[in-house]
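One structure below.
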Amino acid sequence: MKYLWIIFIFSLNISYANENRVRLCLENLQLYPYSTGKEQTNKKEAGALVDIIIEAHKKKGIELEIIRRPWKRCLMDTRSGKVDATAAVLWSEERDKIYAFPKKANKPHPENYLWSPEYVVITNKASNVRYKDGNLLNHKYGLSAPEGYLITSKLISKGISRGHEFGPSRGVSLVAINRIDGYVIERQIGRYFIAKEKLEDKLLINKDPFHVDKFYFVFSKSFQQEHSELAEEIWDNIAMIRNEKGKNLIDYYFKKDVLSKYL
């Protein structure tokens, strides 16, 4: 009986430890201004969305361990439960079966999202390729997007996919030399990579968005089932902090003195 009691106490300690630490997998790219690529969770300038996530966990006294992996690996490890969470994830019916999204009335929660991204088409100023009113005009090769992103399936469904996926630096550089008609990426990230590659004079961010969606912070199914109340509180915190500080964070990261450190 004594040993059973020891085992019981030990199991409680394990449960408590798991509930007070979240292992978060983030893509191992500098997706500025949303993520600066810094792994430290106790320093400033982790990126606008990572800052929101960090503060949401701190409000609950949760230790956040950030792990950097390729995006497909983050999705795979969250699915298997090797990590507890990942971000930023677009919702789909298929992903809904695999990951724990914040829900309301059994649908994606209309408020408890991480961010609302605008995916835009970047084209060469010297070409006639433009994206307007939902149509890609004067295209020859098609559009590309980052590897592993759900947006690629939308390009395919519209019949305008180039058939290859490239990282952001490579993608905007290929547009600049007319190797691809355009590159689709989130608007703020596109702004950053155009500046980083010094292509402001060559590239245009088309005004009309290609796609508007919501980024979610998602838990593994196993973590959400074991810590459902905690997950809901984290999602509530994310929405509150996004509303209070989100726009100011984006503005901060595009200040010249801050941006210059990451170019």
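Summary of computed values
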quantity	calculated
Rounded to 5, the percent of DSSP beta bridges in region 22-154 classed as antiparallel	40
Accessible-area order (highest first, 1.4 angstrom probe) of the listed residues L136, L24	L136, L24
Average accessible area per residue (Å²) across region 16-159 - probe 1.4 Å, nucleic acids and ligands excluded	49
Estimated inter-spin distance, K103 and R21, nm [label 7 Å along Cα→Cβ]	2.9
Environment charge of L263, counting only residues whose C-beta is closer than 15 Å and scoring Lys/Arg +1, Asp/Glu -1	+2
Distant alpha-carbon pairs in the chain (separation over 31 angstrom), percent	30
Rounded to the nearest 20 debye, dipole of the chain from Cβ charges on Lys, Arg, Asp, Glu	660
Loop-located trypsin sites (Lys or Arg not before Pro) in region 62-113, at most 16 other Cβ atoms within 10 Å (DSSP)	K82
FRET efficiency, E111 to L137 (Cβ-Cβ, R0 35 Å, nearest 0.05)	0.45
Sulfur and carbon atoms: percent of accessible area, region 97-234 [1.4 Å]	45
Surface accessible to a 1.4 Å probe, per residue, for the residues of region 189-263, Å²	53
Percent of beta bridges antiparallel (DSSP, the chain, rounded to nearest 5)	65
Net +/- balance of residues flanking M76 in space, Cβ distance below 10 Å, scoring K and R +1, D and E -1	+4
222 nm mean residue ellipticity, helices alone, for the chain (DSSP H n ≥ 4; -39,500 (n - 2.57); rounded to 500)	-12500 deg cm²/dmol
Accessible-area value, K125, 1.4 Å probe, nucleic acids and ligands omitted, Å²	100
Kyte-Doolittle at least -0.5, axis length at least 18 Å by Cα - qualifying DSSP helices, the chain	2-19
Total formal charge among the other residues, if their Cβ is under 12 angstrom from that of K104, Lys/Arg +1 and Asp/Glu -1	-1
Largest-first ordering by accessible area, 1.4 Å probe, given options D133, D77, D236	D133, D236, D77
For the chain: relative contact order, % (alpha-carbon pairs under 8 angstrom, 6 or more apart)	26
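The values are calculated or read from the model by the stated rules, or taken from the named source; none is laboratory data. All of these numbers come straight from a predicted model, not from anything done at the bench. Counting neighbours? That spans all protein chains shown, and the Cβs are built from the backbone with ideal geometry, glycine included. When the accessible area is computed, the model is the full protein with side chains, heavy atoms only, and any ligands, DNA or RNA have been set aside. Shrake-Rupley method; radii C 1.70, N 1.55, O 1.52, S 1.80 Å.
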